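First the structure, in the form of structure tokens, and then the observations on it.
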Amino acid sequence: MATDSIIKIKNVTFTYQDTKQPAIDHISFEIKRGTWTSIIGHNGSGKSTIIRLINGLLVPDNSDEASIEVDGEKLTDDSVWDIRNKVGIVFQNPDNQFVGATVADDVAFGLENRGVPREKMLKIVPKAINAVGMTDYTNSEPASLSGGQKQRVAIAGIIAIKPKIIILDEATSMLDPEGRNKILQIVRQMKQEYDLTVISITHDIDEASLADQVIVMNDGKLVEQGTSSEIFSQTKLLKKLGLDVPFFEQIKDELLEQGINIPSTVNSEKELINFLCQLNSSK
Ligand SMILES: Nc1ncnc2c1ncn2[C@@H]1O[C@H](COP(=O)(O)OP(=O)(O)O)[C@@H](O)[C@H]1O
Ligand SMILES: [Mg+2]
């Protein structure tokens, strides 16, 4: 895996019009190419705002000192369209992201917009629809689909454009667990196949705990950044910020309170079960 940073955010501050508090307050972070990053933080902590800054929908207050770099390119008025082609975003509400009368039209829309020739489009569209398992619905009306199916079509539309980065902004939060798992499975597969970098904004702590890197936001500030085990073992911090603590970490905390020390090498539910079974059999 290449280890260069595909996203570099330096010292970015942003304030919405008619508000006093900055929604993003001097934030810096980097995201390595080919990794999965989860951004967590309570509602209003600035997660969606940072995404709008990355794709140039919003511009930092302090553009003289702040910088945003995507795939080696500095975000400027000149590079913004190029950068938007590299970053595909799936939003929370599947109903707000459809423009086509059929699934195929919808997936083709982004390509049409970019002037991709028809012959090429006719090859790319079915492939993208197939990749998300929606071939049987190619000619269906998007409105007739379930929430999970709609999100799969939204992902197909993004994949068709061949982005380097895919961002899920609470894209699974309105889905049932089955729909959610299906989406995550598809994104994992796409990540593998197209060497994508994934950023997932999520309230699903189990999903976030599978990420390579976790970024914790609070009131416009980046409060913590690390591997998922580094972040999720800080149960006090998570609780203080009003965030969920993964079930596995809760169990670890409670065992510790009972005087059972869990070695730091135990980092998953499965490892914990193994450790406890051994502990039990050695008594
Ligand atoms: N269009 C807007 N106009 C004014 N304030 C906004 C707007 N969008 C978001 N905000 C404010 O900016 C802050 C960060 O919001 P947001 O980035 O949407 O947070 P999150 O995605 O973490 O829930 C919040 O205080 C929110 O109320
Ligand atoms: Mg948001």
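The values are calculated or read from the model by the stated rules, or taken from the named source; none is laboratory data. Just so it is clear, the structure is predicted and the values come from calculations on it, not from any experiment. Neighbour counts are summed over all protein chains in view; Cβ atoms, including those assigned to glycine, are modelled from backbone coordinates with ideal geometry. Please note that ligands, DNA and RNA were not included when accessible areas were found on the heavy atoms of the full protein model with its side chains. Shrake-Rupley method; radii C 1.70, N 1.55, O 1.52, S 1.80 Å.
Quick notes
- Residue-wise HN-Hα coupling along region 53-70, computed from phi with Karplus coefficients 6.51, -1.76, 1.60 (Hz; x: Gly, Pro): 6, 5, 9, x, 6, 10, 10, x, 4, 9, 5, 6, 10, 7, 8, 10, 10, 10
- Rounded accessible area per residue of region 5-242, 1.4 Å, Å²: 48
- Rounded to the nearest 10 degrees, the angle from helix 147-160 to the longest Cα principal axis of the chain is 60 degrees.
- The H on the amide N of residue 35, modeled in the peptide plane, is under 5 Å from the matching H of 198, each at least 5 residues off or on a different chain.
- Partner aspartates and glutamates for residue 221 [C-alpha distance under 12 Å; skip if fewer than 8 residues away on the same chain]: 25
- Principal-axis tilt of helix 118-131 within the chain, Cα atoms, nearest 10 degrees: 20
- For residue 13, residues with placed amide H under 5 Å, excluding near neighbours: 26, 27, 61, 62
- Each Cα pair under 8 Å and six or more residues apart adds its sequence gap; the mean of these over the residue count of region 5-242 is a relative contact order of 26 percent.
- Shown here are the Rg and Dmax of the Cα trace of the chain, at 20.7, 71 Å.
- Partner lysines for residue 252 [C-alpha distance under 25 Å; skip if fewer than 8 residues away on the same chain]: 236, 239, 240, 270, 283
- The GluC sites (Glu not before Pro) of region 241-283 include none that meets both conditions, a loop assignment by DSSP and at most 15 other Cβ atoms within 10 Å of the site Cβ.
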